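Novice: Quick one: structure below, then a few questions.
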Amino acid sequence: MALAAIVEKGDEILFPGPTYPPYISYTKFFDGTPVAYETVEEEGWQPNVDDLRKKISKKTRALVIINPNNPTGAVYGKKIVKEMLDLAAEYNLLVLSDEIMTK
Ligand SMILES: Cc1ncc(COP(=O)(O)O)c(C=O)c1O
């Protein structure tokens, strides 16, 4: 529903790779472009914030943070989440924070 409300044709939506697949299909359904930012297996599947920065473009509309992520189960460190939110603020991105797997 959030994606239905915000995605316009050509918008890029950033989400973690790997991700919960409906983020990809719903972004495409609303004519947006899904863009994955890396999460690093050797680092417990934490997001690579440098890669995330590189993937932000003029078309980027929103940043999806899934914490804990599915399917990796990774819980992101506080410092990484802060860096991601700072990036979103710097580039004026909406943040979709999916914390559905939190107890
Ligand atoms: C990360 C994540 N977000 C959202 C959902 C969707 O949850 P629901 O089926 O309760 O809408 C799931 C379900 O597995 C999920 O893993």
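The values are calculated or read from the model by the stated rules, or taken from the named source; none is laboratory data. Being a predicted model, the structure only gives us computed values, none of them experimental. Here the Cβ is made from the backbone with ideal geometry for all residues, glycine too, and neighbour counts use every protein chain on show. We work out accessible area using only protein heavy atoms, side chains counted, and drop any ligands, DNA or RNA first. Shrake-Rupley method; radii C 1.70, N 1.55, O 1.52, S 1.80 Å.
Novice: Quick one: work out the % antiparallel among DSSP beta bridges in the chain, nearest 5. Before the final figure, lay out each step's value.
Specialist: On the way: 2 of 16 bridges.
Counting only bridges with both partners in the chain, antiparallel ones make up about 10 percent.
Novice: Please work out the average accessible area per residue across the stretch 2-98, using the 1.4 Å probe convention, and give it in Å². Mind showing how you got there, number by number?
Specialist: Details: 5410 Å² over 97 residues.
Value returned for the stretch 2-98: 56 Å² of accessible area per residue.
Novice: What FRET efficiency, computed as 1/(1 + (r/R0)^6) with R0 = 25 Å and r the Cβ-Cβ distance, is obtained for Asp50 and Met1, rounded to the nearest 0.05?
Specialist: Values: r = 31 Å, r/R0 = 1.26.
It comes out at approximately 0.20.
Novice: Something else about it: Ignoring any ligand, DNA or RNA, what whole percent of the accessible area of the chain comes from carbon and sulfur when the probe is 1.4 angstrom? Working shown, then result.
Specialist: Numbers: 3500 of 6280 Å².
It is 56 percent, rounded to a whole number.
Novice: I would also like to ask the following. Starting from the alpha-carbon convex hull of the stretch 2-98, give the projected area averaged over all orientations, in nm². Don't skip to the end; give the middle numbers.
Specialist: Working: hull surface 21.4 nm².
If I average the Cα hull's projected area over directions, I get 5.4 nm².
Novice: Sticking with this one: Between the stretch 1-39 and the stretch 89-103, how many Å separate their Cα centres?
Specialist: 13
Novice: Tell me what the chain gives for mean residue ellipticity at 222 nm when only DSSP H runs of n ≥ 4 count, each as -39,500 (n - 2.57), the sum divided by the residue total, rounded to 500 deg cm²/dmol. Walk me through the numbers before you get to the answer.
Specialist: Values: 4 runs with 33 residues, N = 103.
Mean residue ellipticity, 222 nm, calculated: -8500 deg cm²/dmol.
Novice: So, one more: Could you name the aspartates and glutamates in cross-link range of Lys59, using Cα to Cα under 20 Å and dropping any fewer than eight places away on the same chain?
Specialist: Cα-Cα hits under 20 Å: Glu8, Asp11, Glu12, Asp31, Glu38, Asp50, Asp51, Asp86, Glu90.
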